[in-house]
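For reference, the structure discussed in these notes is given below.
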Amino acid sequence: PTPATAGRAPGPPDGGWGWMVVFGAFISIGFAYAFPKGLAIFFKEIQDFFGTSYSEVAWVASIMLATTYGAGPISSILVNRYGSRPVVMFGGLLCGIGMVSAAFCTSILQLYICVGFITGFGLALNLQPSVIIIGKYFLKRRPIANGLAMAGSPVMLCTLAPLNQFLFDNFGWRGSFLILGAILLNCCVAGALFRPIGAATATVKTQVTEKRKDALKVVTEDAMEMSSPTTAPTENKIEEEGGNDCCEKINQYLDFSLFKHRGFLIYLIGNVLMFLGFFAPIVFLAPYAKHIGIDEYSAAFLLSILAIVDMVARPTTGIIANSKWVRPRIQYFFSFSIAFNGTCHLLCPLASGYTGLVIYSIFFGLAFGMVCAMLFETLMDLVGAARFTSAVGLVTIAECCTILLGPPIGGTLIDTFGDYKYMFLKCGAVMVLAGTFLFIMNYYNYSMLAKEEKERKAKEEDPKSVRTENEGRNNWNKETAQDGPELEPLREEQEELKKEMNGT
């Protein structure tokens with residue numbers, strides 16, 4: 001790099017190799033989101049094999065989803081430390097190990113560990129780095145890139161739903177888990193595409209850091225020659241800095257000051273509420289179809305219909321969100337998508353036959369794709385690209401609690417009432433409430449931001465406020481100068497120390 005640009009971080013290229021990064025993110029995000037939903041094909045048979053209830057089997061997908069989201073801070077820390085490429089490759093390896101181990105499980109508890117925790121943690125190491133690296137490669141085209149990468153979920157779901165049914169019919173659920181473990185190793189290939197950006201700048205930063213260390217060493221040696229009264233405050237300062245090292249290291253990877261950010265808190269509360277009803281309808285869609293007498297392949301095809309519509313909805317939503325009319329107020333669009341999703345679930349009990357479920361799947365796929373396409377784009381719009389890595393980690397660990405409880409609560413409602421409609425009504429009501437909350441609070445946030453900006457401009461333009469501040473500072477200096485003669489020796493000592501330091 002030239003001397004003028006040596007210290008600057010390279011800007012996002014908005015293309016080039018970035019499209020290969022989007023393709024890699026398409027694969028890894030697709031597996032991270034679609035794989036827990038695709039496993040719902042095996043739930044009915046696993047339930048019969050182990051003799052468990054709906055809610056007990058639902059814990060498999062629930063633990064996997066919760067681990068995928070709950071391990072977000074760990075994934076963010078690893079990305080900040082090692083970069084996206086090795087983290088995603090290691091995550092793919094963990095996914096393969098978890099599913100292969102699950103093929104030899106002899107109890108539902110072992111499935112919780114192998115499928116839920118091990119595979120879920122591997123998917124977490126795929127999801128976070130893939131979302132983060134897109135923000136490093138794209139700025140102007142970021143909504144489109146996010147929409148294309150998020151389209152990996154419906155494409156994978158569209159493929160996995162019939163594939164899982166085919167594998168089960170030919171190899172059983174144990175053989176299917178072995179094959180799926182091998183398929184998940186493709187995440188390692190996707191991670192290899194995540195080429196680090198800004199390697200040259202890192203070298204320059206290292207050289208600058210070394211020069212600063214040398215300069216600091218020289219200054220420290222000179223300071224040792226000064227008198228002890230002068231060095232005492234410096235030593236105290238060093239001790240204080242040493243005590244703050246731990247907090248600084250933690251804050252380096254996870255920025256906890258985001259909890260003072262009004263927009264971030266609104267987003268966090270709305271999403272935590274939303275995820276209480278976000279995944280349960282997909283987990284129970286195929287079992288619901290089988291429950292009302294639809295054959296296995298037709299039930300699996302409902303997930304494929306949902307995924308095909310979702311596949312079109314995500315990039316289309318990305319293009320709409322990138323338009324000049326929507327992008328400045330993308331939070332409102334996100335709120336509408338969540339409320340629309342909940343409305344679909346509220347109307348689902350009206351679909352009694354297969355045709356009605358097909359219509360429900362189409363609208364559900366559209367609403368689901370709209371929400372997923374903007375899920376991370378809206379967060380980056382609120383906190384900015386610099387703090388996005390920490391924001392993703394903090395959001396996902398907060399969301400994991402409701403993600404963990406969502407499907408089991410739905411399974412409990414099914415076991416209690418013997419009917420699926422109460423589960424769909426619960427999910428719909430929760431999501432409509434979350435969408436309404438986000439719409440109202442985002443309106444409040446935009447109003448407050450406009451008010452704060454107006455006050456800041458008025459303060460800059462009004463010379464009286466600047467004069468008042470200067471007068472207050474001068475009055476304070478005068479009051480200090482009017483102190484009694486008992487402070488005179490201290491002032492003289494300070495002036496002598498200043499002269500000595502200036503001479504040195």
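The values are calculated or read from the model by the stated rules, or taken from the named source; none is laboratory data. Since the structure is predicted, the reported quantities are computational estimates derived from the model, not experimental observations. Ideal geometry is used to build each Cβ from the backbone, glycine not excepted, and the neighbour counts take in all protein chains shown. Note: areas computed on protein heavy atoms with side chains; ligands, DNA, RNA excluded. Shrake-Rupley method; radii C 1.70, N 1.55, O 1.52, S 1.80 Å.
Computed over the Cα atoms of the range 255-396, pair by distinct pair, the Kirkwood hydrodynamic radius stands at 16.4 angstrom. For the range 256-456, the Cβ-based charge dipole about the Cα centre amounts to some 660 debye (Lys, Arg positive; Asp, Glu negative; other atoms uncharged).
Here is the P(r) of the range 355-464: all C-alpha pair distances, binned every 5 Å from 0, give 2, 8, 10, 16, 18, 13, 10, 7, 5, 3, 2, 2, 1, 1, 0 in whole percents. Note that the range 44-52 has calculated 3J(HN,Hα) couplings of 4, 6, 5, 4, 5, 5, 9, x, 10 Hz, one per residue in order, obtained from phi through the Karplus relation 6.51 cos²θ - 1.76 cosθ + 1.60 (θ = phi - 60°); glycine and proline are x. What a 1.4 Å probe finds exposed on the range 13-197 is 72% carbon and sulfur by accessible area, rounded to a whole percent. About its Cα centre, the range 13-197 has a charge dipole of approximately 740 debye under the convention of +1 per Lys or Arg Cβ and -1 per Asp or Glu Cβ, with nothing else charged.
Karplus-based coupling profile of the range 279-294, in residue order and whole Hz: 9, 4, x, 6, 4, 9, 5, 5, x, 5, 5, 5, 5, 8, x, 8, with θ = phi - 60° in 6.51 cos²θ - 1.76 cosθ + 1.60 and x standing for Gly or Pro. Calculated accessible area for the range 13-197 comes out at 33 Å² per residue, all protein chains present (probe 1.4 Å; ligands, DNA, RNA ignored).
For the range 256-456, the share of accessible area belonging to carbon and sulfur comes to 72 percent (1.4 Å probe, ligands and nucleic acids excluded). Estimated at 0.36 nm per residue, the fully extended path between Arg456 and Leu265 surpasses their Cα-Cα distance by 66.5 nm.
Centre-to-centre separation between the Cα atoms of the range 84-114 and those of the range 19-49: 13 Å. For Thr436 and Ser298, a Förster radius of 30 Å and the Cβ-Cβ distance give a FRET efficiency of 0.30, rounded to the nearest 0.05. Taking amide H positions as modeled 1.01 Å from N, with prolines and chain starts lacking one, no residue 5 or more places away or on another chain lies under 5 Å from Ala385.
The packing ranking, built from the mean of other Cβ atoms within 10 Å per residue, places the peptides 309-315, 410-416, 120-126 in the order 120-126, 309-315, 410-416, highest first. In sequence order, the range 165-175 has phi-based couplings of 5, 5, 4, 5, 5, 9, 10, x, 6, 5, x Hz under the Karplus curve 6.51 cos²θ - 1.76 cosθ + 1.60, θ = phi - 60°, and Gly or Pro positions carry x. For the range 256-456, the solvent-accessible area works out to 40 Å² per residue, with a probe of 1.4 Å and every protein chain left in place.
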